[in-house]
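Enquirer: Take this structure, written in structure tokens, and hold onto it; I'll ask about it next.
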2 protein chains.
Amino acid sequence: MSRTLIIGASGQIGKKLTRNMLNDGQKVAALVRDKNKLSEFDDANLSIIEADLTKDFEHAFEDCTQVVFVAGSGGNTGADKTILIDLWAACRAADYAKNNDIKHFIMVSSIGADAPSSGPEEMQPYLVAKHMADEHLVQRGLKYTIVRPGTLTDDEPSEQITTERPSNKDDAKITRADVAKALLYIVKNPADSNLVTELFNGNKSIAQALK
Amino acid sequence: MSRTLIIGASGQIGKKLTRNMLNDGQKVAALVRDKNKLSEFDDANLSIIEADLTKDFEHAFEDCTQVVFVAGSGGNTGADKTILIDLWAACRAADYAKNNDIKHFIMVSSIGADAPSSGPEEMQPYLVAKHMADEHLVQRGLKYTIVRPGTLTDDEPSEQITTERPSNKDDAKITRADVAKALLYIVKNPADSNLVTELFNGNKSIAQALK
């Protein structure tokens, strides 16, 4: 059975995705900096791999067929960590994936990563990091899905989404829980071709929106 | 006559390069944030273009045939500026160069940019930015020369350099003045093929070392 490596499995979306995948009976390799952050999980299908993303973490790719990169330096760290995690760790993950013959790389990117200079000034360094990481992935020759969620919220999931950017900027948001549900869908139903898509809460089922 | 755009012409190396080029009778378009920083220059071959590298600066490329990117965010700014200047402005410069049919793009990079993870920890965010900017340039399909000087010093130029990394790490350095002299040589004598080279003070003339 195939195994999915989740890079950043103890993050806000990562943990929900890990839960979704285990509930679905999927095998998960969870890469985290501190395994205690996943102590609530007790599942034979879960392997926890402790690694520091600023160092070499290629060993985590062993025996995995898919990868979800959902790590982020977080809002409270400086731009140096944005460079080392959101950009450099993502680039190295794509390189490791190539070396390890990974069949599908799912990158959790951000709305605005397509055009960093058009984003709010305070967001631009982050958006540049995401943009360059996405660009690096695209050039690796791996099969990829790049997911660019709108503004993330902690609301209850509606399981109703859209890939079309709402005309009203205030509607360009999505719950972290719905992102995690969409990621589960993408893991289980990889598209035939490479895909870059934005994601927002909307009015379609996840299967309809992503079919 | 061809005109060279120097991006970052009021920086420590940029100003020396501007001086060298004007003394040599070359036409220079000097892109700077503040034109007062070049008030010491009075030369009919010099056009000063004021622009903010965090904004659009494509107009600077008009009527230029070569580009030297020697801008840097400087040692006293945060990593957010490293992302916006050393990485993002460099990437956009390569894109603008492509749009404007520039014949040769000379990027001033850094020793260690080939392998950021092997660099000193405090240098890694900077080296990642330089690495990704170099990678982006290489993929544009422009003719390029990427110059990676060793540790920069303000000593008097010796005009003796080498492209071979000294075995003793303490010798892996070069004066800013010699970098500026080597850049003048590269502007005047573009190699037939793309080139990525490190630069240190050594025991060859600039022409011998770079031939």
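The values are calculated or read from the model by the stated rules, or taken from the named source; none is laboratory data. Keep in mind that this is a model prediction, so the values were computed, not measured. Here the Cβ is made from the backbone with ideal geometry for all residues, glycine too, and neighbour counts use every protein chain on show.
Enquirer: Take the stretch A:140-151 and flag every residue that is basic (K, R), over 28 Å from A:S167 (Cβ atoms) and more than 13 Å from every other protein chain (Cβ to nearest Cβ).
Expert: Scanning the stretch A:140-151 gives a single hit, A:K143.
Enquirer: Here is a further query. Identify all residues within the stretch B:142-166 that are touching a Lys or Arg at 6+ places or on another chain (Cβ under 7 Å) and not basic (K, R); write none if there are none.
Expert: Of everything in the stretch B:142-166, those that are touching a Lys or Arg at 6+ places or on another chain (Cβ under 7 Å) and not basic (K, R) turn out to be B:L142, B:G150, B:T151, B:L152, B:T153, B:D154, B:P157, B:E159, B:Q160, B:I161, B:T162.
Enquirer: I need the full set of residues from the stretch A:32-77 which are among the basic types (K, R) and under 24 Å from A:K130 (Cα atoms), in order please.
Expert: A:R33, A:K55
Enquirer: Next question. Suppose we filter the stretch B:180-207 for residues that are modelled with pLDDT of 95 or more and either in contact with a Ser or Thr (Cβ under 8 Å, 6 or more places away or on another chain) or closer than 16 Å to B:S110 by Cβ (or both); how many remain?
Expert: Here the count works out to 16.
Enquirer: So, in the stretch B:8-62, how many residues would count as being in a strand (DSSP E or B) and within 24 Å of B:L84 (Cα to Cα)?
Expert: Qualifying residue count for the region: 7.
Enquirer: When you go through B:A79, B:A30 one by one, which is the residue that is surrounded by 13 or more Cβ atoms within 10 Å (Cβ to Cβ), of a type in the set (G, A, S) and in contact with an Asp or Glu (Cβ under 7 Å, 6 or more places away or on another chain)?
Expert: B:A79
Enquirer: May I ask you to say which residue of B:L127, B:L137 is in contact with a strand residue (DSSP E or B) (Cβ under 7 Å, 6 or more places away or on another chain), outside any loop (DSSP other than H, G, I, E, B) and either more than 14 Å from chain A (Cβ to nearest Cβ) or at pLDDT 95 or above (or both)?
Expert: Within the list B:L127, B:L137, the selection yields B:L137.
Enquirer: Also: Of all residues in the stretch A:43-76 being modelled with pLDDT under 95 and of a type outside the set (S, T, N, Q), which is surrounded by the fewest Cβ atoms within 10 Å (Cβ to Cβ)?
Expert: A:G75
Enquirer: Here is a follow-up. Taking the stretch B:102-124, which residues are among the aliphatic types (A, V, I, L, M) and either modelled with pLDDT of 95 or more or on the phi > 0 side of the Ramachandran plot (or both)?
Expert: B:I102, B:I106, B:M107, B:V108, B:I111, B:A113, B:A115
Enquirer: Which of the residues spanning the stretch A:37-84 are among the hydroxyl-bearing types (S, T, Y) and within 13 Å of chain B (Cβ to nearest Cβ)?
Expert: Selection gives A:T54, A:S73, A:T77, A:T82.
Enquirer: Filter the strands (runs of 3 or more DSSP E) completely within the stretch A:154-211 down to those with at least 2 residues that are of a type in the set (A, V, I, L, M, F, W, C).
Expert: A:195-201
Enquirer: Please find, within the stretch A:63-73, the residue that is farthest from the chain's Cα centre (by Cα) out of those that are of a type in the set (S, T, N, Q) and in a loop (DSSP other than H, G, I, E, B).
Expert: The extreme case among them is A:T65.
Enquirer: Would you mention how many residues in the stretch B:74-106 are part of a helix (DSSP H, G or I) and under 14 Å from B:F57 (Cβ atoms)?
Expert: Final tally of qualifying residues: 13.
Enquirer: Moving on to the next point. Cβ contacts < 7 Å: first residue within 19 Å of B:A180 (Cβ to Cβ), restricted to the stretch B:66-91; second residue among the aromatic types (F, W, Y), any location; separation 6+ or different chain. Result?
Expert: B:V67/B:F105; B:D86/B:Y126; B:A90/B:F69
Enquirer: Which residue pairs have Cβ atoms closer than 6 Å, lie 6 or more positions apart in sequence or on different chains, and pair a first residue in the stretch A:104-123 that is within 13 Å of A:V138 (Cα to Cα) and more than 11 Å from chain B (Cβ to nearest Cβ) with a second residue that is of a type in the set (D, E) and not in a loop (DSSP other than H, G, I, E, B)?
Expert: Final answer for the pair search is A:S109/A:D134.
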